[in-house]
Amino acid sequence: MDVKLHRERPIPPEGVLELYQNVNWWPERTPEDVARVLERDPACGVWDGERLVGFARAVTDDRVRAYIEDVVVHSDYRRQAVGQELLAVLLKELAHIDVVSLFCEPELVPFYEKNNFRRSRTQVVMHRKSHP
Ligand SMILES: CC(C)(COP(=O)(O)OP(=O)(O)OC[C@H]1O[C@@H](n2cnc3c(N)ncnc32)[C@H](O)[C@@H]1OP(=O)(O)O)[C@@H](O)C(=O)NCCC(=O)NCCS
């Protein structure tokens, strides 16, 4: 398995959309949306030969804050430490950032704790959607 940042091995938007489809995420996103995201912020892919089997990205000001988004490993490749490696490579790229945050379901807390994330005891997550 090859784990590479987008700048080292370009990630095809279509491969990302296939991974989203695998987890039923974001059917409304287009290849253009993904291409735009990839050109702005850090992203990392996991490759099995020519096949993209994992993806994660960050939204960041490149200085003091970053938010990890869209962490996904294809269902055929899970529980083989692929996700841990993917996250570790992305976090290395963000090592200069003061605080890195993310949102996740409660059952994934152990997955992120392995990379030293700690659950907030005091804060809640709030979202505002443009089309409620
Ligand atoms: C979450 C996800 C990326 C994990 O990828 P993965 O390659 O299977 O994870 P790893 O094999 O590296 O897991 C390492 C450890 O994290 C924990 N872990 C991973 N997935 C877990 C799960 N679904 N529930 C609880 N713990 C989990 C386990 O402790 C695991 O170690 P173990 O396999 O020895 O028990 C993958 O399950 C996925 O793509 N899920 C669907 C999309 C999703 O929910 N993404 C997260 C958005 S916040």
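Yes/no per residue for (1) modelled with pLDDT of 95 or more; (2) within 20 Å of L5 (Cα to Cα); (3) exposed (fewer than 11 other Cβ atoms within 10 Å of the Cβ):
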{"position": "L17", "(1), (2), (3)": "yes, yes, no"}
{"position": "E32", "(1), (2), (3)": "yes, yes, yes"}
{"position": "D70", "(1), (2), (3)": "yes, yes, no"}
{"position": "H74", "(1), (2), (3)": "yes, yes, no"}
{"position": "E93", "(1), (2), (3)": "yes, yes, no"}
{"position": "E113", "(1), (2), (3)": "yes, no, no"}
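Is there any pair linking a residue in the range 105-132 that is farther than 15 Å from V73 by Cβ to one that is more than 9 Å from the ligand (Cβ to nearest atom), with Cβ under 6 Å and at least six apart or on different chains, and which?
Taking only residues 6 or more apart or on different chains, the pairs are V109/R119.
So M1 passes all but one of these: (1) at pLDDT 95 or above; (2) surrounded by fewer than 19 Cβ atoms within 10 Å (Cβ to Cβ). Which condition number does it fail?
Here M1 clears every test but (1).
Tell me which strands (runs of 3 or more DSSP E) are completely within the range 41-94 and hold 3 or more residues being within 14 Å of the ligand (Cβ to nearest atom) and of a type in the set (G, A, S), or say none if there are none.
The qualifying strands (runs of 3 or more DSSP E) are 51-60.
Residues that are more than 7 Å from the ligand (Cβ to nearest atom), under 24 Å from A35 (Cβ atoms), part of a loop (DSSP other than H, G, I, E, B) and within 13 Å of the chain's Cα centre (by Cα): does the range 97-118 have at least one?
No - not one qualifying residue is present in the range 97-118.
The values are calculated or read from the model by the stated rules, or taken from the named source; none is laboratory data. From a predicted model like this one, the values you see are computed outputs, not experimental measurements. So basically every Cβ, Gly included, is an ideal-geometry build from the backbone, and we count neighbours across all protein chains shown.
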